[in-house]
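Enquirer: Once you've had a glance at the structure underneath, I'll fire off some questions.
The values are calculated or read from the model by the stated rules, or taken from the named source; none is laboratory data. What you see is a predicted model; the values in this text were computed from it and never measured. A quick note on method: Cβ atoms are made from the backbone with ideal geometry, for glycine too, and the neighbour counts reach across all protein chains shown.
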Amino acid sequence: MVVVDLQADPIGQLEDTLALLESHRILVQRGNEPLPGSDQPRRRPCLVVATKCDAEHSEADFQAMRELLGDDLPMIAISVRAGRHLEDFKRAVFDRLGVIRVYSRPPGREADLTTPFVMRRGATIEDLAGRVHKDFLEKFKSARVWGSGAFDGQPVGRDYVLQDGDIVELRI
């Protein structure tokens with residue numbers, strides 16, 4: 001995340017910050033390019049956060065900055081003082097990290113919605129089973145999913161791709 005102040009040359013701040021990161025061989029992920037593999041361990045997802053969007057002319061300044069820089073880096077304008085766009089900011093950070101929250105549900109009981117498993121986007125039931133405990137991975141028999149499936153309690157296999165907010169019941 002790169003934070004810039006809309007009231008103090010935000011484009012200059014962004015360019016300086018990106019140059020500093022690059023001088024330390026830390027590259028940011030641009031546009032919609034996929035997250036890099038192990039061959040590029042220092043390339044990181046980036047979100048440009050423009051602060052003080054509650055100030056006079058700040059919306060116009062943000063739009064001008066967005067037009068000049070294009071869609072190369074995702075950007076969001078926020079105001080902590082006024083509480084503007086903070087929910088959008090939370091969602092943008094979460095999306096940019098490429099993670100999902102998955103909740104476990106013991107058979108016959110309610111799901112624990114207070115402590116999710118945080119998984120990479122694209123994770124499967126098999127990945128979750130291994131994360132819970134190696135016995136769940138080795139002795140896996142079946143799973144049921146509530147949330148993104150066609151219907152609540154849908155039986156799924158090991159290769160089912162999990163979605164954010166899914167509730168999963170694993171059986172061994």
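Enquirer: Could you tell me whether the range 130-142 includes any residue that is under 23 Å from the mean Cα position of the chain (by Cα), within 17 Å of Gly165 (Cβ to Cβ) and without any contact (Cβ under 8 Å) to a residue 40 or more places away in the chain?
Expert: Yes, that holds for at least one residue.
Enquirer: OK, next. Are there any pairs, at least 6 apart or on different chains, whose C-beta atoms fall under 8 Å, with the first in the range 77-92 and assigned by TED's automatic domain parsing to the domain that holds Glu56 and the second assigned to a helix (DSSP H, G or I) and at pLDDT 90 or above, and if so, which?
Expert: Ile78/Leu86; Ile78/Asp88; Ile78/Phe89; Val80/Leu86
Enquirer: Kindly provide the set of residues from the range 143-172 that are aromatic (Phe, Trp, Tyr) and over 23 Å from the mean Cα position of the chain (by Cα), ordered by number.
Expert: Listed by number, the list holds a single entry, Phe151.
Enquirer: With respect to Pro107, is the statement that it is farther than 30 Å from Pro45 by Cα and in contact (Cβ under 8 Å) with a residue 60 or more places away in the chain true?
Expert: So Pro107 passes the test.
Enquirer: So which residues in the range 60-70 are in a helix (DSSP H, G or I) and surrounded by fewer than 15 Cβ atoms within 10 Å (Cβ to Cβ)?
Expert: Correct list: Ala60, Gln63, Ala64, Glu67, Leu68.
Enquirer: Select, from Ile26, Ile11, the only residue that is part of a loop (DSSP other than H, G, I, E, B), at pLDDT 85 or above, more than 30 Å from Glu169 (Cα to Cα) and of a type in the set (Val, Ile, Thr).
Expert: Ile26
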